[in-house]
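Reviewing the structure listed below.
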Amino acid sequence: MASRRNVLKAGARSAASMVPLMLGLPACGQTVACEGPVEAASDRPLRAQAEDRGLLFGVAADRGALEGDLSYAQSIAAECSLLTPENDMKWQALRPKPDSFAFDDADWLVTFAEENGLRVHGHTLAWHYQLPDWFETTVDSANASSFLRDHIETVVGRYAGRVRSWDVVNEAIEPQDGRDDGLRRTPWLQRLGPDYIDLAYHAAAEADPDAVLVYNDYDIEYEGGYFEDRRRHLLDLLTGMVERGVPIHALGVQSHLRGHHQPEFDSFIAFLAEVADLGLDLMVTELDVRDHELAADVAERDCGVAATYQAYLDAVLDQPRLRSLAVWGLSDRYSWLSEFEPRDDGLPVRPLPLDREMKRKPAWNAISKALAG
Ligand code: G3I
């Protein structure tokens, strides 16, 4: 069991897997050509290679995985400089009852991060998902603003100075919900209208004036009408917030990529320039690459995943206002995709930089190569 002590002292780092990529032939559904072996630019930890570019390299993880798996805790402490609680700071985790908070797991994570030289990115203060069971029948239009404000003041206030940035509102855009403003019909919007968004950021800024306040969303990266529509509504949302003087400082782009999609990001890059013109910084917050439509063969699949990492990061790392790059899990042993987007053939998914044995993969090499510019 990994104690909270500096886990780096407890064992050796994972050996660099310099397994060169096999030349993968495009397989069924695999559109990302594998150009050939991807060699890492360095075998230094990704946190060090990211720091060379003034970036934090982050990961999402929960107490359960870190406390129960020393090899995982060691790998994260070695490779990362930023930790995002994957679930342990969500309403479902923090709020067992309407009048109580449960901070044990979140406290453990923040202490783990501090003891291993990682910063903490809080996730997330206002989301439509993973709300506690009591929420639906307890929170109504009359008390919703008090519940939201009290939650944010309590949570952000508790970690003021320790959690340096927050995903204040997560995934508020959903054009398919049919609103002219493209906002998702979240439980918060249903009770408070769109004002819940501004309320959340003002409450967070009052609770910790030094915290970097982030808006976080997904599916804004690729070409095509679905992604363009989301980008358009998101830009409108951010523009309005900035014009109203809402204390928002950065856009979080989740970056849950698709190994089977053509890695073209020109429209995304143009969008990021418009976001930067609003004076907002940029964070890649939840990077991983879905491989469920790629070949079963591990070398081919790893090749396609690595090529997607590299193509995306080659596009994003040049963004002047990029502040951090975080993967949503560091090892294939802990990916949300195992549950949410499993492969039809039942093979374990391979979306992340380390394999299930904490060995570096071609994806790790691709991140290293992209960071080296
Ligand atoms: O904690 C309970 C546990 O008590 C219970 O025994 C178990 C039974 O299945 O469920 C556990 O809760 C699970 C929770 O993760 C914690 O492990 C939920 O079922 C499961 O649905 C939940 O999945 C999380 C998912 O968000 C929920 O949408 C993933 O781990 C997490 O990686 C994922 O993260 C989201 C970001 O927060 C926002 N962006 C998208 C990203 C991927 O969906």
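The values are calculated or read from the model by the stated rules, or taken from the named source; none is laboratory data. Only a predicted model underlies this, so the values are computations on that prediction, with no experimental measurement involved. Virtual Cβ from ideal backbone geometry, glycine too; neighbours counted across all protein chains shown. Keep in mind that these areas ignore ligands, DNA and RNA; they rest on the heavy atoms of the full protein, side chains included. Shrake-Rupley method; radii C 1.70, N 1.55, O 1.52, S 1.80 Å.
What's the longest piece of the chain with no exposed GluC sites (Glu not before Pro), counting a site as exposed if DSSP puts it in a loop and it has at most 14 other beta carbons within 10 Å?
The segment 40-263 is the longest one with no such site.
May I ask you to compute the full-extension gain from Gln262 to Leu347, defined as 0.36 nm times their residue separation minus their alpha-carbon distance, rounded to one decimal in nm?
28.3 nm
Run the numbers on the chain and let me know its relative contact order in percent, using alpha-carbon pairs under 8 Å that are six or more apart.
Contact order relative to length: 22 percent.
Residues with amide H under 5 Å of Leu183's amide H, sequence separation 5 or more or different chain, H placed in the peptide plane at 1.01 Å from N; which?
Glu174
Report ³J(HN,Hα) in whole Hz for each residue of region 214-227, in order, from the Karplus equation J = 6.51 cos²θ - 1.76 cosθ + 1.60 where θ = phi - 60°; Gly and Pro get x.
10, 9, 10, 7, 10, 6, 10, 9, 9, 6, x, x, 4, 6
Could you give the length gained by full extension between Asp229 and Ser338, i.e. 0.36 nm per residue of separation minus their alpha carbon distance, to one decimal place?
Value of the extension gain: 36.4 nm.
Please give the residues of region 79-103, grouped as numeric ranges, whose backbone N is less than 14 Å from a label point set 7 Å along the Cα-to-Cβ vector of Trp134.
Answer for this model: 91-103.
How large is ³J(HN,Hα) for each residue in region 187-193, as worked out from phi by the Karplus curve 6.51 cos²θ - 1.76 cosθ + 1.60 (θ = phi - 60°), to whole Hz, x for Gly and Pro?
Going residue by residue, I get x, 6, 5, 4, 8, 10, x Hz, with x marking Gly and Pro.
Scan region 183-276 for trypsin sites (Lys or Arg not before Pro) in coil per DSSP, keeping those whose Cβ has at most 14 other Cβ atoms within 10 Å, and list them by number.
Arg185, Arg244
How long is the gain from Ser100 to Ala296 if the chain were fully straight, where each residue apart is worth 0.36 nm and the alpha carbon distance is subtracted?
Fully extending the segment from Ser100 to Ala296 adds 65.9 nm.
Can you work out ³J(HN,Hα) from phi for every residue in region 256-269, in order, using Karplus 6.51 cos²θ - 1.76 cosθ + 1.60 and θ = phi - 60°, giving whole Hz and x for Gly and Pro?
7, 8, 10, x, 9, 9, 5, x, 10, 10, 4, 5, 5, 5
Carbon and sulfur together cover what percent of the accessible area of the chain at a 1.4 Å probe radius?
That fraction is 48 percent.
Heavy-atom accessible area per residue, the chain, 1.4 Å probe: how many Å²?
Heavy-atom SASA per residue in the chain reads 39 Å².
Got a sec? Which residues in region 206-235 would a label at Glu114 touch, if it sits 7 Å along Cα→Cβ and we count backbone N under 20 Å?
Backbone N within reach: 207-212.
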